[in-house]
Amino acid sequence: MSTAKVPFLGNDRLVQVEYPVRMASRPTHDWYLKEWLGSLNVSIAKLESETGWTHRIANQLVNRKTRWNRDHLALATQVLRLRPYELLMHPDDAMAIRKLMADAGPVAELGERLKLVSDRTGTDG
């Protein structure tokens, strides 16, 4: 694993400390706001009007020029009618999870019915 020397101020003196390069790098995908806007056919202008964000802030958030915070996440998910964790994943992945959860409901109900049937011994009055 490659390392890089990073300046570190400790005990009032500057020393060079080695850190793994991957630790120092910034994540490339914090959230998928741009992909969700495309998937839901929502324009940046509509996002601005519904969130109250200025054009500059909305544009920077959509294009990952600035970091989002919890308030940004909460407001964006409310406007786009998403769950907070869905904005942190690609729309295709989130929709696959939604489908899986929807399909799991009837299967779980069937399992409960089968469990009730299998618990009977035939001598239950």
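The values are calculated or read from the model by the stated rules, or taken from the named source; none is laboratory data. As the structure is a prediction and not an experimental result, all values here were calculated from the model. No Cβ is skipped: glycine too gets one built from the backbone with ideal geometry, and neighbour counts run over all protein chains shown.
I want to confirm something. Restricting to the stretch 23-42 and keeping residues that are touching a helix residue (DSSP H, G or I) at 6+ places or on another chain (Cβ under 7 Å) and not in a helix (DSSP H, G or I), which single residue is modelled with the lowest pLDDT?
By that ranking, first place goes to Trp31.
Have a look at Trp68, Trp53 and point out the one that is aromatic (Phe, Trp, Tyr) and free of Cβ contacts under 8 Å to residues at least 24 places away in the same chain.
Trp53
Out of all the residues in the stretch 46-99, which are among the small types (Gly, Ala, Ser) and either surrounded by fewer than 14 Cβ atoms within 10 Å (Cβ to Cβ) or assigned to a loop (DSSP other than H, G, I, E, B) (or both)?
Matches in the stretch 46-99: Ser49, Gly52, Ala74, Ala96.
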